[in-house]
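To start, the structure under review is shown below, and the notes come after it.
We did not get these values from a lab; they are worked out from the coordinates using the rules stated. Worth saying up front: this structure is predicted, and the values here are computed from it rather than measured. Note: ideal-geometry Cβ built from the backbone for every residue, glycine included; neighbour counts use all protein chains shown.
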């Protein structure tokens, strides 16, 4: 049996096995090293505007150079200004494995004081990569979602942004980006979120399907996997790997606060140590009282069961203290604050105070 047939057979066997609880596909949590997109950027001229272009010097210079390329000689003392043209910056993303002749979308943005790019057409413009090489050529009619209107008295109304537009399939790829996908006897998978537990589980899942020592975790991000040298077999090999179900490790205890919008995201592993906080006129007491149930007949094989009991008491006016016992989860704090109708800003202040006191067992991230 060839290696490809063996891979397919093992994959079918893996599909028959029950997937672990809350498992994710490998393609959703990891990427192949070297398989990436590349950014392209260019400069061009948009023509055909309805008097909404710009009159900057570099736009006039670009317009002059364009006419000279077509054999139109303009005297040096004349300035070829026009309100129907605009100098623009062009950027696009070249996806991995893009081949010459394929098309990609481009975004066009005004560089000068053009009021709107609506109705304009981008003339042929090269798109270059970070190495200075031309990888695509852009040209086409712009799609602009925004619009604006202006009165004689200076009043103005605008909806969305009319100085930026897109050209679907507006650039043709002229050069392929070399990659190392088919080189060597191994591939490296990089996790989107570094985690030692997840890296270990990925390696174990691959080894459990394809055999021992096929995969090895290099660090919290990278897993090295031995792969076939033949490109066609390597594609089939990765097709099997990316559909493997892996249960990621638990996320780091983290609290995310957006100070501009008041959004607060709290991870499930966040805990609070014994602490008391004064905040306004709120009094919140949270207690954790485990209830122990003993078996009626110990000799019959019964087991002692510990059932957690959480009590929350809220008083808005008679006290000034938040009180927490050991082992309290942050969810209890959120529930308590919600009961008194406190604003998100109150919870932000409480979380920051908990972090400063060392009682918040989590990473506090303010964005």
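Set the Förster distance to 41 Å, then compute FRET efficiency between residue 239 and residue 82 from the Cβ-Cβ distance, nearest 0.05. Present the calculation step by step, with values, prior to reporting the outcome.
Working: r = 54 Å, r/R0 = 1.32.
For R0 = 41 Å, the calculated efficiency reads 0.15.
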> Separation of the range 39-55 and the range 125-142 by C-alpha centroid, Å?
Replying inline: 14 Å
> Points 7 angstrom from Cα along the Cβ direction at residue 357 and residue 224: gap in nanometres?
Replying inline: 4.9 nm
>> Under the 0.36 nm per residue contour assumption, what length would be gained going from the current alpha-carbon distance of residue 271 and residue 139 to full extension?
In response: 41.9 nm
> What is the packing order of peptides 174-182, 121-129, 35-43, taking the mean over residues of other C-beta atoms within 10 Å and listing the highest first?
Replying inline: 121-129, 35-43, 174-182
>> Under 8 Å for C-alpha pairs, at least 6 residues apart: give me the relative contact order for the range 180-246, rounded to a whole percent.
In response: 38 percent
>> Between residue 252 and residue 364, what is the label-point separation in nm under the 7 Å Cα-to-beta-carbon projection?
In response: 1.7 nm
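Cut-off is 10 Å between beta-carbons; in what order do 221, 198, 31, 261 appear when sorted fewest neighbours first? Intermediate results must be reported in sequence, preceding the final value.
On the way: 221 19, 198 25, 31 16, 261 9.
Going from least to most buried by this count: 261, 31, 221, 198.
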>> Quick check on the range 38-173: take the gyration tensor over C-alpha atoms, sort the square-rooted eigenvalues as a ≥ b ≥ c, and tell me if it's rounded (a/c under 1.5), prolate or oblate.
In response: oblate
